[in-house]
Amino acid sequence: MRQFLARRIFHSLISLVGLLVLVFFLARLTGNPGDLYLPLDSSIETRQAFTEKHGYDDPAYIQFGRYVRDLLSGDMGESVRKKRPALEIVLEAIPVTLMLAASAMFLALVGAVIVGARAAYRPGGVFDRVASISSLVSASAPDFWIAITAIIVFSVHLQWLPTSGLGGPIYWIMPVCVLLIRPFGLLVQVVRSSMLTVLSAAYIKTARAKGVKEKSIVFVHALRNAMIPVITVAGDQAAAMANGAVIVETIFGWPGIGKLMIDSIVQRDFAVVQAAILVTAFVILSINIVVDLTYAVLDPRIRKRS
Amino acid sequence: MTSRLTESVAVQPKVQRSVGLWTMLWNDKFAFVSFLFLVVMVFLAVFGPWLLEQPATKLNLRLRNAPPFSLDNGWLYFLGADALGRSMIARLIVASQNTLLVAASAVAVSLIIGGALGILAGYFNGRFSTVIMRFADIIMSFPSLLIAVVVLYIFEPKVANLVLVLSITRLPVYMRTARAEVLEIRERQFIAAAKTLGASHSRLITRHIAPLVVPTLTTIATLEFAFVMLAESSLSFLGIGIQPPEITWGLMVAQGRNYLQSAWWLSFFPGLMIMFSALALNLLSGWTRIALDPVQRWRLEITNQQAS
C-alpha cells in the first residue's frame, strides 16, 4: 500500500515537473518576458529595468535554475496588477473554486448514482429511456449557454435568483447547478452501464435467492462493485470541473481561480497566470492520488496487487 | 434482461448476414435524425456562407434586435436580427462554417498524430512508450481549457493556433486507445505469421495493425468532435478563441450576452445550435460503436427483423 502511494506520488511529481518546464519555456519562447509580465503600455525604461532586475538577459538554463529556486522558496513572482505576491492571490481564490467544484461534484455523484441505478434496474423501461436521453442531452449542453439561459429565465424574467456575485445560499444555486450538468450526464451513463454488468453477476442472484431485500441488493451489494468505474470517471472529471469553473466563475462573477485566470490574462498579469496554473495542477494531481486511494479502499484486489 | 438475451440469441441465426448500414441507420430513429441533421449542417456549412454572405453582413438599423418567430420581414429574419439588424439565420449559417471547420481540423490533427504516436508506442513497447505515455499523463492531468488559455495568451489567438492547441489537449485520448489496442493486437497469431514471413516493421504497422485500430479511433473521433466543438465554443465565448469579425456560435453567444435583458434570442439560438450538433454527434457515435462492432451488431439487426 505504501509502495503504491509512493509510486503514484512519484508519477505526479514527474507530471508537475513536466508542466513546470513547459510553462517556463513557453513563456521564454516568446522573446522578452517583459512583454508577458508587464502591461502592454509600460514604457521602454520600465521594461529595461524589469529585464535587468530579474536577469532575463542570462542564458535560459541559468534562468530556469533561478526560477526553480524561487519556486521552492514559495516565490512565484509579483502581480503587476495588485502589487502583491502572485501565490498569495492564487491561494485566496482556490477555496472558492474548491467549494464550488466539491458541492457540484457531490450533488452530481449522488444524483447520478440514484438515477443511474434506477435506470439499470429495468433496462429498456420508461425510466431508463428517459434517463438515457436526458443524460445525453445534459452531457452535450454547452455550460456557458446553460448559464446564460438560466440567467435569462430565473434572474431576468422570473427574478427568483441573483444574476451574479457571492453571498448566501441563494447565490450558490445557479453556479452549482450549471457546473454539475455535464458531469451529471456523463456519470449517469457510467453508473448505468456499470450497474447493468454488476446486476447480472451470479452473486446478485445468490443474494436474491437468499431473500435479501431488493433495495439492499441494489444499493449495498451491487453498488459497491459498480462504483469503481464511476470513481475513475469522477476523478477524470476533476480536470473538467476546473474547465467548467472557469466558465461559471466568469459568468457569475465568482472570485475563484477560473475568474482570476481569465482576468489576469485579459490584463496581462503573467505572474498570476503562472502561479494559478501550477497551483491548479497541484490540486488536480492531489485529487487524482486520493481517487487512486479510493480504489484501494473499494477493491481489495488492487490493494494486494501493489 | 436474461430472457431478452436468450430470445435474441435464438433469433440471431435467422437474421440475414448482410443487413445494410443504411437499413440499420433507418431503424434507429434517433441515430437517423442525428445523421440527417449533421448532413444538413455540413451542407449549410459548405455552401451557406457562399450564398448568405451578403445578408449575414448587411446592416439594417430598422431591424435592430428584431424579435424572432415573425415572418413580416421575410424568412431570413424568422429567428430575429442582432444588435446591428443582421439576420440571425444568415449569421448562424455563416458561423457554422468556422465552428465545424475548427473542430474538424482539430479532430483530424489529433486523430492522425495521436493515433500514430499511440500505435508506435504500442508496437515498440519500451522506453519510447513510457516517455510517450508520461507525456499523455501531463496533458491529461491539466484542464484542457486552461492549457488553451495559456497558449493563446502567449501566442496570438489565430485560427491555426486555436486548432493546434485544441488538438494537443485531445492527443492523449487517441494515444492511449491506440496503444492499448496495439498491445493486444501484436500478440495475435496473424502478426506472428506475418513476422515469420519476413514482414518489416513498417509493413506490419501499416498493413496489419493500423487497419484494425483505425475503426476504433474513428468512432472516438466522432465523440471527440462534439467535445472539441464545445471547447472551441467555450474559448470563443471567453474571447480568446476566434476573433471578430470572424464568427462562430460560441462567439455569437458571447456577443449576445450584453443584450440578455432586451434580446434573449441573440445568445439563445447559437447555443441551441451548439447543443443540437453535440447531441447529434453523441447519438451517432453511440450508434456507430454498436454498428461497427460485430459482437453487438445484432442489437440493430434484430430491430430490423421485427419491423419487417
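The values are calculated or read from the model by the stated rules, or taken from the named source; none is laboratory data. These numbers come from a predicted model, not from an experiment. Quick reminder, even Gly has a Cβ in these numbers, built from the backbone with ideal geometry, and neighbours come from all protein chains shown. Just so you know, the surface numbers come from the protein's heavy atoms only, side chains and all, with ligands and any DNA or RNA stripped out. Shrake-Rupley method; radii C 1.70, N 1.55, O 1.52, S 1.80 Å.
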Point to revise | Of all residues making up the stretch A:116-132, the number that are aromatic (Phe, Trp, Tyr) and surrounded by 17 or more Cβ atoms within 10 Å (Cβ to Cβ) | key: 1
Check your understanding: Which of (1) open to solvent by 20 Å² or more (accessible area, probe 1.4 Å); (2) at pLDDT 80 or above does residue A:232 not meet, given it meets every other one?
Key -> (2)
Exercise for review: Could you give me the residue pairs with C-beta distances under 8 Å whose first residue belongs to the stretch B:143-164 and is farther than 21 Å from residue A:267 by Cα and more than 10 Å from chain A (Cβ to nearest Cβ), whose second residue is open to solvent by less than 20 Å² (accessible area, probe 1.4 Å) and not in a helix (DSSP H, G or I) wherever it lies, and which are 6+ apart or on separate chains?
Suggested key: B:159/B:242
Review point. Among helices (runs of 4 or more DSSP H) lying entirely in the stretch B:87-200, which contain 3 or more residues that are buried (at least 23 other Cβ atoms within 10 Å of the Cβ)?
Key: B:88-123, B:144-154, B:159-185
**Study point:** Identity of the residue in the stretch A:72-115, among the β-branched types (Val, Ile, Thr), under 26 Å from residue A:16 (Cα atoms) and surrounded by fewer than 21 Cβ atoms within 10 Å (Cβ to Cβ), that ends up modelled with the lowest pLDDT
**Key:** A:80
Review point. If you take the residues of the stretch A:133-164 that are within 30 Å of residue A:204 (Cα to Cα) and open to solvent by less than 40 Å² (accessible area, probe 1.4 Å), which of them is farthest from the other protein chains (Cβ to nearest Cβ)?
Key: A:135
Check your understanding: Given A:36, A:40, which one is surrounded by fewer than 17 Cβ atoms within 10 Å (Cβ to Cβ) and at pLDDT below 75?
Key -> A:40
Practice item. Just one of (1) under 25 Å from residue A:266 (Cα atoms); (2) within 12 Å of chain A (Cβ to nearest Cβ) trips up residue B:282, so point out which. Key: (1)
Revision key, fill the gap. How many residues of the stretch B:232-253 are within 8 Å of chain A (Cβ to nearest Cβ) and assigned to a helix (DSSP H, G or I)? The answer is 6
Practice item. Test each condition in (1) more than 20 Å from residue B:96 (Cβ to Cβ); (2) at pLDDT below 85; (3) within 23 Å of the chain's Cα centre (by Cα) for residue B:217 and report the one that comes out false. Key: (2)
Point to revise | Of the criteria (1) in contact with a Phe, Trp or Tyr (Cβ under 6 Å, 6 or more places away or on another chain); (2) modelled with pLDDT under 85; (3) within 14 Å of another protein chain (Cβ to nearest Cβ), which one residue B:99 fails | key: (2)
Study note, to complete from the structure: Cβ pairs under 9 Å, 6+ apart or interchain, first in the stretch A:177-206 and in contact (Cβ under 8 Å) with a residue 60 or more places away in the chain and more than 17 Å from residue B:227 (Cα to Cα), second aromatic (Phe, Trp, Tyr) and open to solvent by 60 Å² or more (accessible area, probe 1.4 Å), ordered by first then second residue, are A:195/A:121; A:199/A:121
Check your understanding: Would it be correct to say that residue A:181 is open to solvent by less than 40 Å² (accessible area, probe 1.4 Å) and either more than 30 Å from residue B:259 (Cβ to Cβ) or part of a helix (DSSP H, G or I) (or both)?
Key -> no
Practice item. Determine whether residue A:174 is touching a helix residue (DSSP H, G or I) at 6+ places or on another chain (Cβ under 9 Å), at pLDDT 80 or above and over 19 Å from residue A:148 (Cα atoms). Key: no
Exercise for review: Restricting attention to helices (runs of 4 or more DSSP H) lying wholly within the stretch A:197-306, give those where 2 or more residues are farther than 28 Å from residue A:115 by Cβ and within 13 Å of chain B (Cβ to nearest Cβ).
Suggested key: A:257-266, A:270-298
Review point. Listed residues B:170, B:179, B:134; which is over 22 Å from the mean Cα position of the chain (by Cα) and within 24 Å of residue A:281 (Cβ to Cβ)?
Key: B:134
Exercise for review: Residue by residue through the stretch A:192-224, note down the ones that are within 29 Å of the chain's Cα centre (by Cα) and farther than 17 Å from residue A:122 by Cα.
Suggested key: A:220, A:224
